[in-house]
Structure formats: structure tokens, C-alpha cells
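A.B. asks: Below: one structure in C-alpha cells.
No value in this document is a laboratory result; all are computed from the given coordinates. In this text, all values refer to a predicted model and were calculated from it rather than measured experimentally. Here the Cβ positions follow ideal geometry from the backbone for every residue, glycine too, while neighbour counts run over all protein chains shown.
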Amino acid sequence: MELGIGLPNTVPGTTGEQLTDWARAAEDAGFSSLGTIDRIVFPNYEPVVALAAAAAVTERIGLVTDVMLGPLRANPAMIAKQFLSLDALAGGGRAVLGIGVGGREDDYAISGLEMSGRGKWLDDALARIRDIWNGEGELETRVGPRPNGKGPSLMVGGYIQAAFERAAKYGDGWTQGGSGAAQFGADVSNLDDAWKKAGREGQPRTLALGYYCLGDDAEANVQAYVSDYYAWLGDEAVQGIVGAAPKDADSVKSFLKGYEEWKCDELILFPCSSDPAQVGLLAEAAGL
């Protein structure tokens, strides 16, 4: 299993220097990818902008939105172009569009959008993005920069049956939004069924995320960040996320093992602190 690390793009107060220092340190430490999380009504850096900054100071590490809230962007052609651009700027084959619908009412309200049509929007958008990336159509071939080689890849997020079917129809795989290793196992079974029913060959790529913090203030940092970012879920859910987050080397190893047992292809651990020292602490704990 590959191990990626999230950028602190959603940790309030993160500076541009911390973000780019973090990206350099993550590549030097041997992490597979840098991930971003998405919100609008929150003091975070927009995910593609954050990944572009990371691309400018790195050479090989993957650049993953895990996930971008697609319906909030409204124009799937622009999303397709964003990732063609990010991938070309990064050198080709590094950009991964993880995309889902999201569930926060305030993000939709400020965007002037209804939540009720988001699933249908995503179905239509994924088809459009694929057509543009593949150059299928007269206009589609003119959307660039065109890939020189592999180009960007697509991971579909979500935990309902429609999400697995979308991943099987349009994606290179599927990404789980932090529901834990046990749930990952059940979800992968549903994904595999959808993949076979769609007539896809081989196996879908699988991705999952979790949260972590290490060092003397780990517990306080996790509590503060998760309580703020996930306040909309209610205290019980918040405390469940806080409790699951690894906060020392032993719990990091245990967390990784849970996903390895289900043959997850890549796990991205997202930070609850923007201190770039967290990169080295996680690399050491994970044995990179």
C-alpha cells in the first residue's frame, strides 16, 4: 500500500510558505501523493490552487483532490481543463481528480445551488470530463493543454451504490472519505460488484483518507481542528473522528495495517496541524 499525505490546505492559519515547505518535505520523505480537501464556507485554500503551488516546488509526487466537490464548480469542462493544466504544469501523470458531491448545505447555499440535483449533475459531468480528456469530439480535442503521455486520472468518491456505479462507469477507481478500515472492506466489495457489472477489466484502484497528528500537542490539535471542520456533523461524529485519528507511532502503524489488510492501494493521511515538522514525524512513524 502506498502512503500519501494531505496538504494542510484546510488547517486555518496555514501560510503559503508552510504549504510549499510541506510539499517539498513530503516529496523528500517518500510519500506517494499530496492530497487536498474541499470547502467553500471555510478559511481553507482552494484545492487546485493549493496543488498548483505544490506542483511548482516538487517533481514526482502525486497531486490529488480527495475530493473536489464537483457540483460547486458548475462547469465540468472547466474542471477538465483545470486538471489538464495542473497535470501539464506538474510534468504529466501526476494529477488525480478525486471528485464527489459533498453534503454541507452552506457550501451549496453560498453557491446559489440546490443540493437535490447534485447526483445527476455528477453523472453528466463525469461523462463530459472523460470525453474532454480523451479528445472525443471536435470541441473536446481543442480543450488543452492536451496530455503528453498518461495525463490526469479520475477517482470517484462516495459511499452509496450510485457512487460505486459512477466509479465503475467513468473512473480509474474509487476513493473512501474517511469511514474507517472496516467500512472500507464492505465498500470495496460493492465497488468490485459494480466494476464487474459495468464490464470493466482488471481491478479498480482504491484510495482512502484519514486524519492524524503527532508530537506533544497531538491530542489538542486533533480536537481543535476536527471540532471546527466537522462541527456540522454534531459532537458524537466529531468525537468519533477525533478518537480514530492516530496520535502516536503505534496508532499510525495500526491504522495503516487496517487498510493494508483490505488491500487498499493508497491511503492519504491528512494533518490537523500546519507545522511542516508533522511530515517528518509521520514518515518516521510509518517507516518510510
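A.B. asks: Could you work out how far helix 161-170 tilts from the main Cα principal axis of the chain, as a 0 to 90 degree angle to the nearest 10?
C.D. replies: 60 degrees
A.B. asks: Related question: Return the sequence-ordered ³J(HN,Hα) values of segment 126-140 in whole Hz as given by the Karplus equation 6.51 cos²θ - 1.76 cosθ + 1.60 applied to θ = phi - 60°, using x for Gly and Pro.
C.D. replies: These are the phi-based 3J(HN,Hα) values: 4, 5, 5, 4, 4, 4, 5, 4, 7, x, 9, x, 4, 5, 4 Hz.
A.B. asks: Something else now. Exposed loop sites here are GluC sites (Glu not before Pro) in DSSP loop states with at most 12 other C-beta atoms within 10 Å. What is the longest stretch of the chain lacking them? Let's see the in-between values first.
C.D. replies: Numbers: sites that count: Glu59, Glu114, Glu136, Glu138, Glu201.
Counting only loop sites that pass the neighbour cut-off, the longest clear stretch is 202-288.
A.B. asks: Taking a ≥ b ≥ c as the square roots of the Cα gyration tensor eigenvalues, with a/c under 1.5 meaning rounded and otherwise prolate when a/b beats b/c, else oblate, which class fits the chain? Working shown, then result.
C.D. replies: Details: a/c = 1.42, a/b = 1.32, b/c = 1.07.
It is rounded, given that a/c, with a ≥ b ≥ c, falls under 1.5.
A.B. asks: If you don't mind, there's one more thing I want to ask. Relative to the longest principal axis of the chain, what angle (0 to 90°, nearest 10) does the C-alpha long axis of helix 181-197 take?
C.D. replies: The answer is roughly 10 degrees.
A.B. asks: For the chain, set up a GNM with springs between Cα atoms under 10 Å and report which of Asp124, Asp28, Asp87 has the largest fluctuation.
C.D. replies: Judging by the Gaussian network model, the answer is Asp124.
A.B. asks: Oh, and also: Does anyone have the angle between helix 277-286 and the longest principal axis of the chain? Alpha-carbon axes, 0 to 90°, nearest 10?
C.D. replies: It is inclined by approximately 90 degrees.
A.B. asks: Quick one: of the DSSP bridges fully inside segment 165-288, what percent are antiparallel, nearest 5?
C.D. replies: On the way: 0 of 10 bridges.
Taking every DSSP beta bridge with both residues in segment 165-288, the antiparallel ones total about 0 percent.
A.B. asks: Which cross-chain or sequence-distant (5 or more) residues have an amide H under 5 Å from the amide H of Asp38, H modelled 1.01 Å from N in plane?
C.D. replies: Counting only residues 5 or more places away or on other chains, the set is Val67.
A.B. asks: Show that you can apply the helix-only estimate: for the chain, add -39,500 (n - 2.57) for every DSSP H stretch of four or more residues, divide by all residues, and state [θ] at 222 nm to the nearest 500.
C.D. replies: Working: 11 runs with 134 residues, N = 288.
So the helix-based figure for the chain works out to -14500 deg cm²/dmol.
A.B. asks: Amide H to amide H under 5 Å from Gly157: which residues, 5+ apart in sequence or cross-chain, H placed 1.01 Å off N in plane?
C.D. replies: Here the answer is Ile99, Gly100, Thr175, since their amide H atoms fall under 5 Å of that of Gly157.
A.B. asks: Residue by residue through segment 203-209, what is 3J(HN,Hα) from phi via Karplus (6.51 cos²θ - 1.76 cosθ + 1.60, θ = phi - 60°)? Round to whole Hz and write x for glycine and proline.
C.D. replies: Once θ is set to phi - 60°, the couplings for segment 203-209 become 10, x, 6, 10, 9, 9, 10 Hz.
A.B. asks: Tally Lys and Arg at +1 and Asp and Glu at -1 over the other residues with C-beta under 11 Å from the C-beta of Ile132: what net charge comes out? Intermediate results must be reported in sequence, preceding the final value.
C.D. replies: On the way: positive: Lys81, Arg128, Arg130, Arg142, Arg146; negative: Asp131, Glu136, Glu140.
Around Ile132, the surrounding residues sum to +2.
A.B. asks: What ³J(HN,Hα) values, in whole Hz, does the Karplus curve 6.51 cos²θ - 1.76 cosθ + 1.60 give for segment 266-274 when θ = phi - 60°, with x put for Gly and Pro?
C.D. replies: Result, ordered by residue: 8, 10, 10, 9, 9, x, 10, 9, 9 Hz.
A.B. asks: Would you check the chain for Lys pairs whose C-alpha atoms are within less than 16 Å, ignoring same-chain pairs closer than 8 in sequence, and give me the count? Can you show the working numbers first?
C.D. replies: Working: Lys81/Lys150; Lys120/Lys169; Lys169/Lys196; Lys169/Lys197; Lys247/Lys257; Lys253/Lys263.
The result is 6.
A.B. asks: For Phe270, list long-range residues whose amide hydrogen, built 1.01 Å from N in the peptide plane, is under 5 Å from its own amide hydrogen.
C.D. replies: Gly6, Gly210, Tyr211, Tyr212
A.B. asks: Assuming a ≥ b ≥ c are the square roots of the Cα gyration tensor eigenvalues, decide whether segment 162-222 counts as rounded (a/c under 1.5), prolate (otherwise, with a/b larger than b/c) or oblate.
C.D. replies: Values: a/c = 3.72, a/b = 3.14, b/c = 1.18.
Here segment 162-222 falls in the prolate category.
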